[in-house]
Structure formats: structure tokens, C-alpha cells
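Engineer: So that we are looking at the same thing, I have put the structure below in C-alpha cells.
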Amino acid sequence: MPQAAAVAERSPASTGRQHTGSDFAPLLRTVKEQGLLDRRIGWYARTVATNTLALLAVGTGMFLLGGSWWVLLLAPVLSVLCARTAFIGHDAGHSQISGNRTVGRAMGLIHGNLLLGMSSAWWNDKHNRHHANPNHVDKDPDVAADVLVWTSRQAKVRVGFRRWLTRNQAWLFFPLTLLQGIAMKVYGFQDLRRQAPRERVVEGILLVAHVVGYVALLLTAMPVGHAIAFAAIHQALFGLHLGLAFAPNHKGMEMPDPDGERWGHLRRQVLTSRNIRGSLVTDWFLGGLNYQIEHHLFPSMPRPHLRLAQPLVRAHCAAVGMSYTEAGFVDSYRQVLRHMYEVGEPLRVE
């Protein structure tokens, strides 16, 4: 849901070879000439409408089947639709849907705060910093030491329960993603203290509205026991889906030396990102984030154009002698887990 990340498209920095803008500028020019940065309002309108109708259909089904345990079959469906909702909010924040900041903000609030209970302001702040410096341990919040760690230096200072987590983090990764949906809601409420008063009011009201609406929907559609089971399945699978979409994009890729030279835009975004090979089904399931390299190079590029930009980016990287990393769906997670396992290795041999 970030907007500041698109700045990189307008002001390309130097690459690792110190040719100011020279490595990225030709690619940017080609992409613009082919219209790949042009908005796809019709495509997004159909996507939003389809997702909305599907959500309404699931809500109707919850009332029709609420008295039976068969209603639990709708929980996985709802988790997938919630992931679609998150992808729409993500694209809106990147100005992929509209260049109007007010429109983007409104779509972020609706798809993030109201429908998912996830603060768009919290996500924007976190995600903008990630896009500006992916995999930079001092600047990217996604690789900061938290429940999980991503470098041996982070692992060495872990103590107590967190040390145990780090030793076993490769095995715990997917079970922990089951909690991601709930964690993102908690982070949103915690972030209200950071926000400006007016923003805090709007964000807070919509976050509370989501919680009240979600609980009311469950309790009016089905008995309490069914509701608890439905919520547990829905939230767990929603978190897992998001984890599957985000985990393979950068983990296990190059990490810039905090004390080394500053990387230019092309190098900073390409070498720290991994694409996932697949079909249109992969594009749909991962919300286009399987084209992570293209997305990081051109954050405001509409989702349906990422596939079209991929051959241009791959060819350009080959021309300038820069590696372009792709992996299969399963192999990408294998690489992520291997990296996590290796980071925790020193703590297992003590």
C-alpha cells in the first residue's frame, strides 16, 4: 500500500558500477515507450468488482450454512478472498490503480482497515522502507531481528526463548505464518500511537469497525462454536496465504553490507529479489508478487503489466552483466528455509 516507493522510477540512482543512472535509464525508457507504466483502470475495476461479489457470496453462504458444520468449508474460500483484498490494497498504495493520492488512500483504507482490519498507514510506512532498501539489515524492517532472524550476526545475540526460536526457525516458519493474519491486526492497532491525530482517528475507527463487523457477522450467521472454529481456520489460512506470497521474494537473497558502498537502483532491487516461475495461476495466487524483480524496479507498474515487462528486464540484466534470479514455486521455499536453517546453525552446534 505504499506510495513513496514509486519515487525510484522517477529518479534512478547509480548502479554498483557507479554509472549514474546509466544502467537503469535505458530500461526505464523502454518500459515507458511500451506503455507498461500506464494505468489499467478497467482491469482493476473488474478485479475489485469480482472480489467484492465473491465476498458477498461467501457472506451469504455463511448465513445459509451457518447452522451446519459444513459452513467451515467456506473459511478457506474466505481466506483466499481476503488475500485478494490485501493484494488490491497493496496495488492501490503503490499507485498502480490510480495516480490520485486521495483515491489510493481511500482504497487502502477500505481494503486494508475496513475489510481486513489491517492498518494501511502502518503497512505504508513499513513497506515504503522495505522498498527503499530491500534486505538492508539497518533499513529494511522486513529483515530486522524479531521473532525470526536473517543473519548470523542477529542470531548470535539471541538469548532465552528467542534463542530457541532461532535454532528451530526453519521448522517453525510455516506454523508461525498461521499467526500472521492476527499479528498484522495487532501491529495496526499498536501503530496508532505513531500516527498523526487526524489519521489516527480515521484509521482507528475503521479498524474497530472491522473487528465489530467481523464478530457480528460470525455470531449472527452461526452458533458460537461454529464461529470460533470458522474464525480460527479463516485467520490461520489467511496468514499462511500471505506468508506464501511474501516469503520467497527476498529471503535468502543478497544483503547489502551496511558499511559498504551504496548500491544503485538496478542493483539494489534486482540482486535482493527473487522471481517465482509459474503460470497465470501462479500470478493469481501470489497476486503478481511472483514478479518481484519487476515490481521492485517499477513499483507503480500495474499488476497485469509485470508479466509483459519480465522479458525486457531479464534481457537488460543480461546485457549489463547482472544476475536475474528465478526459482520454481516449491524450490523458492526450499531456498528460504535453507537460508533460515543456516542462520540458526551456529546455535545448534554449541
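Engineer: FRET efficiency for residue 334 and residue 30, Cβ-Cβ distance as r, R0 = 30 Å, nearest 0.05?
Structural biologist: Given R0 = 30 Å and the Cβ-Cβ separation, E is 0.35.
Engineer: Now for a different question. Highest mean first, how do 289-301, 168-180, 317-329, 246-258 rank when packing is the count of other Cβ atoms within 10 Å averaged over residues?
Structural biologist: 289-301, 246-258, 168-180, 317-329
Engineer: Taking a label point 7 Å from the Cα of residue 220 along the Cα→Cβ vector, which residues of the range 57-99 have an amide N closer than 14 Å to it?
Structural biologist: 59-64
Engineer: Over the chain, average the accessible area per residue using a 1.4 Å probe and give it in Å², no decimals.
Structural biologist: Roughly 45 Å² per residue, with all protein chains present.
Engineer: How would the range 37-154 be classified by its alpha-carbon gyration tensor: rounded, prolate or oblate, with rounded meaning a/c under 1.5 and the a/b versus b/c comparison settling the rest?
Structural biologist: Note, shape of the range 37-154 comes out oblate.
Engineer: Which residue, 157, 211, 147, has the most motion in a Gaussian network model of the chain that connects Cα atoms within less than 10 Å?
Structural biologist: 157
Engineer: Counting Lys and Arg as +1 and Asp and Glu as -1, each charge on the Cβ, what is the dipole of the chain about the Cα centre in debye, to the nearest 20?
Structural biologist: 220
Engineer: Across the chain, how many lysine pairs, 8 or more positions apart or on different chains, have C-alpha atoms separated by under 17 Å? Please give the number.
Structural biologist: 4
Engineer: Just name one of 316, 244, 22: the one whose Cα is farthest towards the positive end of the charge dipole of the chain (beta-carbon charges, Lys/Arg +1, Asp/Glu -1).
Structural biologist: 22
Engineer: Just to be sure I understand the model, the point goes 7 Å from the Cα along the line to the Cβ. What's the resulting residue 50 to residue 98 distance in nm?
Structural biologist: Reported label-point gap for residue 50 and residue 98 is 2.1 nm.
Engineer: Taking only Cα atoms, what is the 0 to 90° angle, nearest 10, from helix 120-132's long axis to the longest principal axis of the chain?
Structural biologist: Computed tilt is about 20 degrees.
Engineer: Run the quick spin-label model on residue 106 and residue 229: label points 7 Å from Cα toward the beta carbon, then report their separation in nm to one decimal.
Structural biologist: According to this spin-label approximation, the distance is 4.2 nm.
Engineer: Okay, moving on. What shape does the range 197-271 have by the C-alpha gyration tensor, where a ≥ b ≥ c are the square roots of the eigenvalues, rounded means a/c under 1.5, and otherwise prolate means a/b greater than b/c and oblate the rest?
Structural biologist: Note, shape of the range 197-271 comes out oblate.
Engineer: Residues with beta-carbon under 11 Å from that of residue 165, excluding residue 165: net charge, scoring Lys, Arg +1 and Asp, Glu -1?
Structural biologist: +3
Engineer: Quick check: at a probe of 1.4 Å, how many percent of the accessible area of the chain sits on carbon and sulfur atoms?
Structural biologist: Of all accessible area on the chain, carbon and sulfur atoms account for 65 percent.
Engineer: Return the distance in nm (one decimal) between the two label points of a simple spin-label model at residue 280 and residue 145, each offset 7 Å from Cα along Cα→Cβ.
Structural biologist: 4.7
The values are calculated or read from the model by the stated rules, or taken from the named source; none is laboratory data. Note that the structure is predicted; figures quoted are calculated from it, not measured. All Cβ positions, glycine included, derive from the backbone under ideal geometry; neighbour counts span all protein chains shown. To get the accessible areas, we keep the full protein, side chains included, count just its heavy atoms, and leave off ligands, DNA and RNA. Shrake-Rupley method; radii C 1.70, N 1.55, O 1.52, S 1.80 Å.
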